[in-house]
Structure formats: structure tokens, C-alpha cells
1. For region 3-185, state what percent of all Cα-Cα pairs lands in each successive 10 Å bin, counting from 0 Å until the bin that includes the largest distance.
2. Taking the beta-carbon count within 10 Å as an exposure proxy, list M222, M72, M151 from fewest neighbours to most.
3. Along its principal axes, what span do the Cα atoms of the chain show, with the longest given first and each in whole Å?
4. Please arrange S188, S125 by how many other C-beta atoms lie within 10 Å of their C-beta, fewest to most.
5. Keeping to pairs on different chains or 8 or more places apart, tell me how many lysine pairs in the chain have Cα atoms under 28 Å apart.
6. For each of E33, E103, count neighbouring Cβ atoms within 10 Å of the residue's Cβ, then give the residues from fewest to most.
7. Could you list the GluC sites (Glu not before Pro) in region 227-305 that lie in coil according to DSSP, counting only those with at most 11 other Cβ atoms within 10 Å of their Cβ?
8. Using the crude model of +1 on Lys and Arg Cβ and -1 on Asp and Glu Cβ, and no other charge, please compute the dipole size for region 125-228 relative to its Cα centre, in debye to 20.
Amino acid sequence: MDFQQWHLQSKTQQIRYIAFVTALLYGLYALLESDLTLSYTTLRWMVHGVLIPVSLLVIGGLTYYPKLHQVMRTLLVIAPITALLSNLLFNIDSPRFAFFSPEIYLNVVWTFAISGLTLRYAAISASISVSIVVLITLVKGVNGEFYALHMLWLMSAYLFGVVNAVVQEQANKTLYMQQRTLAHSASSDGLTALWNRAKIAELYECETTLIRQHHYPMSLIMLDIDHFKTVNDTHGHAVGDSVLVSFANLLLNNVRHQDHIGRIGGEEFVILLPHTDIAQATTVAALLQEKINHFDFSEVGNKTASFGLTQYRNGESLSELLSRADKALYLAKDNGRNRIEVL
Ligand SMILES: Nc1nc2c(ncn2[C@@H]2O[C@H](COP(=O)(O)OP(=O)(O)OP(=O)(O)O)[C@@H](O)[C@H]2O)c(=O)[nH]1
């Protein structure tokens, strides 16, 4: 999940409540406005009392549907621009423009600091809004003495908004990075950085859910370095560790990016291969065997590994799949090691 998606997800509640509260406030605004003005009365009602509150309610409602969050964000970018355009349409020629102008400044601050948009999207929305206001103000003008104050407040709203959004964005990015680091260290093996057993179980659940929908084959390779104990006994634990890291990298460099590699025991590894039947998995295992046999593990020289392969059967649990692969691996060890066995 990239930062934009993470942000959207983490801001869902804020967007929801702010959208609902703002819808309510626009309803009130429409009521108060009708006492203040005689112009565009029906249109004002339609826009401030119906169109904008309904759009905001839709935005709030879309927060409940993660698949529609992109649509929600687009509406969130458009809504403040619409509100502001209607404000200008209704009020720019009015001698009482000053009564209605706070909505414009609030709108800009709202977009940057309150709406829940990321800096990029808030900047797009608020910049379009402010450009429109400046342009229309320059073309149409606003009544004399209010002009300078209007421009100052507009600029202040934009500046406060930008500064706040930049600071918030920095804080959010730090939080995002921290969460990613934490999530990764909770899912990976500290020595090799491959997935740990818990993460493999999570990935297995994701894959089997997809398999139930799309019916594709999946295989599992379990492999174990042969006579690894002698590496530790002869060269020491530190060299043993570096062999494990090199071995992990060798696996990573020789499988597809959609395959999931985990270290589930001392020198025991698994590779979950989606969209792969047992014949294809055997070809992958043979390629890995070849690569391992020819790899120079520096002080240790060449090593071999034994492979246990099996194909996923519909509805079975990870432990059932692992236990069959484990039996195949056991067979490979029993039959002389540096072998591939399938069950
Ligand atoms: N250096 C290092 N050694 C580990 C680690 N985890 C497990 N081991 C060692 O891996 C060795 C596994 O030994 P065994 O289970 O007897 O297996 P083996 O010597 O590889 O023999 P076979 O699997 O039968 O071929 C043990 O000596 C463990 O101490 C680790 O993280 N680092």
C-alpha cells in the first residue's frame, strides 16, 4: 500500500465525520442566508441547502466502501471548488459581499487542514479555488475598502492552510514509514529478512481466498540445507549465519516476485508458488538445486539442499500442506539428500 492509499485509509473516519458535520453546517448556512439576501433565493437553497449537503453526505457515505475511496477523494477535491464557485456567483456583485466572504476563507482552510485530503490533493483543490477567487475579484472587483482585507484574508487562509498541510504531511509520512518498518519486522525473519511463519500463513490465506475465486494451481517447495550442522561445527555460528543469508538471497534472486519465500526453521525454507502446478514447481526446484550446487558459499564452499514438493489441494489448511511437503523433504533426506521428492 503506498502512502496515498494508506493516508486515505487512515483518514477515513476524519473524512466521514467532517463531511457529515459540514453537510449539517451548510444546511444551517442555507437557512441563515435566506434572511440575509433576496437574490438567487431558490438557487441558493438548491446549492447550499441541497446540492452541497447531499454531495457531502455522499462523500461521508462513500467512506464505508473502501473500493470507492478514489471516487470519494475526487468528490472531496471537487466539493470545495463547487461551494466556492457558488458563493462567488451569488455574492460577488452584492454590496454585502463581506457578509458571505468568510465562507471563502474557511473553505480554503477546510480543504487544507480539515477535509482529510493529502497535501497534493488539497493543494490542487485549494489552488484552483483561490485562483478562481483572485481572478474573479480582479475582473469584477469587490466594493472599495473591503478589497484589500479580502485579499489579505484570502492569502492568510491559503498560507495557514499550506503550512498546516505541509507539517501534517511530514508527520503522516513519518508515521507511515514507522508503521511500515514495524509491520515488516513483525512479518520477517530477523537474520535473512525473508517472511516468517506468521506472514507465510497470512499470505497463504490471501492466496487460497483468490484460488477459491479464480481456481488456479499453487505449489509449495520446502527445502533444507544438507548437513548444515557441520557448517556451524566447523566454521562457527557466524559463518553459519552468513551461509543462511547467502542462501536466502540465492532463493530470492531465482524465483518470481509473486512467489513467497519464508524461513520457517533454522535452515528450513518454504516457497509458496501461486499459479504453479507440481510439474512447474519441479522445474523451479531443479533450477534452484542447480544454482545452489554451483554457488560458492565463500569459506564453506559448495553446499547442497534437499527439496520436498507438493501441490495445494482445495480446502486444505497450511499445516496440512506443510506436513505433506515435510514428508516429501524427509524422503529426500532419507534417499541420500540433494534430491527433489514430490508427494
Ligand atoms: N548459524 C545458525 N545456525 C542455525 C540457525 N538456526 C539453526 N541452526 C543450526 O542448524 C543446524 C541444523 O542441524 P540439523 O537439524 O541436525 O540438520 P543438518 O545438520 O542440516 O542435517 P540434515 O538436515 O539432516 O542434512 C543446527 O546445528 C542448528 O544449531 C541460525 O539461525 N544460525
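Laboratory data are not the source of any read-out in this text; all were calculated from the coordinates shown. Computed from a prediction, not measured in an experiment: that's the story for all the values here. We place every Cβ from the backbone using ideal geometry, glycine too, and count neighbours over all the protein chains shown.
1. Going from the shortest bin to the longest, the percentages are 9, 35, 34, 15, 5, 1, 0.
2. By the 10 Å Cβ count, ascending, the order reads M151, M72, M222.
3. 95, 41, 26 Å, listed from the longest principal axis down.
4. S188, S125
5. Close lysine pairs under the 28 Å cut-off: 20.
6. E103, E33
7. Counting only loop positions with at most 11 other Cβ atoms within 10 Å, none of the GluC sites (Glu not before Pro) in region 227-305 qualifies.
8. 400
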